[in-house]
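First comes the structure, then the notes that go with it.
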């Protein structure tokens, strides 16, 4: 091999000086004649092929040539195997690369689809959550995926994809389940086999018997470090998720949060624009009705009901003794008639308009049916459950109220309270505008009458009759009398 040439020893017994090692090994085994030829690959020795005889009988030239041929064939075979193994390895690498590329493309496609749905549904969150749930189950090879949102200490399932049985839609938020723990601890929870983790997740045992879950992975939905929900994927066999799948689920969780935030911000912007539009509209009515507050009250009642998502909107006036109906709107004709029959009324605690006068502040009744002081006959007549009223204040005194009501139990938000206070302030502006306009008009009429009388006096220095007639005429006009 070293010399890269064929070695032919006729008798190793007499080759002690040239091949001592071969002689020491061969003689005990009865070897006498020895022939070896190297396996050369691109002139580099990679092995050798050896034949031998136990008698002194040299190999012929043909046999030597044949052995060289066998050596060449052995090299070809070795190279073929090596090349095949290299090809196999490269093929595996290409397939792995293609698989990674395919996974990346699938993930990018899923991300693109989710972003497309987000863009096409700026006010509707459900299509986005459904798409996220479907993509998570498919790309993470899960039997089922679910998305939960936190709502007042409870977990609500808002999206699901997959055929596994489902537990309850609403459940308390606790650390006794993987989903609850992921939300409370704000970290990913990976349970390889839930049936071996019931001590850690005691509330999961009964649910597992219903759903058949085994491997569970949950990622929290975090908005500015606060958990607002979670996305869960699970399998009915014990097969832990890979690091790539865990990272992918985190990505889906981020996308779900983006979708939730987009819808929230879009709705807030829409509400803000609607409120600004309503405020501008009311100011426009105030400007166009300097002598009449009624159009302003009508617009406020309608805007309050619409923007506070109520079933009725009411504006009332208080004259110091009775509460009067100034304007109203209702989703039904019957409800509107009942509202008209309620007024006038004395201030009392049986309704929100009377309470506003007594308390001088905001009155919020989350559930009229559960309010011991609220008139149940009135509530039943209006089919009212939640109600909100804010006072119209002038110089610290209650001069009326703006109220909205709902037919279902759904308390009003701080934003809705603030909006109603804005409407109440605008109603007071309208009242003041009318009062000031009327006072100015009266003042001008009085000044005009005085000026006219003085003119008659100046033009009739010797005759009192024209002066008296001018005084009588202006007195009747300015005082609103039929004659004088």
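Spread over its residues, the convex hull of the C-alpha atoms of region 7-89 is 110 Å³ per residue. Each of residue 238 and residue 83 was given a label point 7 Å from its Cα along the Cα-to-Cβ line. The distance between the two points is 4.8 nm.
Counting neighbouring beta carbons within 10 Å and listing from fewest to most, the residues 35, 322, 269, 382 come out as 269, 322, 35, 382. Listed by Cβ neighbour count within 10 Å, with the fewest neighbours leading, 164, 392 appear as 164, 392. For residue 55 and residue 364, the difference between the fully extended length at 0.36 nm per residue and the C-alpha to C-alpha distance is 99.4 nm. Gain on full extension, evaluated as 0.36 nm per residue between residue 209 and residue 346 minus their Cα-Cα distance, stands at 43.2 nm. The calculated FRET efficiency for the pair residue 291 and residue 120, based on their C-beta separation and a Förster distance of 35 Å, comes to about 0.10. Fully extending the segment from residue 372 to residue 190 would add 60.6 nm, taking 0.36 nm per residue of separation and subtracting the current Cα-Cα distance. Packing, as the average of other Cβ atoms within 10 Å across residues, places the peptides 298-308, 254-264 in the order 298-308, 254-264, highest first. Extending 7 Å from the Cα toward the beta-carbon at both residue 421 and residue 44 defines two label points whose distance is 8.6 nm. Label-to-label distance for residue 168 and residue 270 is 3.2 nm, based on points extended 7 Å past Cα in the beta-carbon direction.
Ranked for footprinting exposure by Cβ neighbours inside 10 Å, fewest first, 113, 134 give 113, 134.
Values quoted throughout were computed directly from the atomic coordinates according to the rules given, and no laboratory measurement underlies them. Fair warning: this is a prediction, and the values are worked out from it, not measured in the lab. Please note: Cβ atoms are built from the backbone with ideal geometry, for glycine as well, and neighbour counts cover all protein chains shown.
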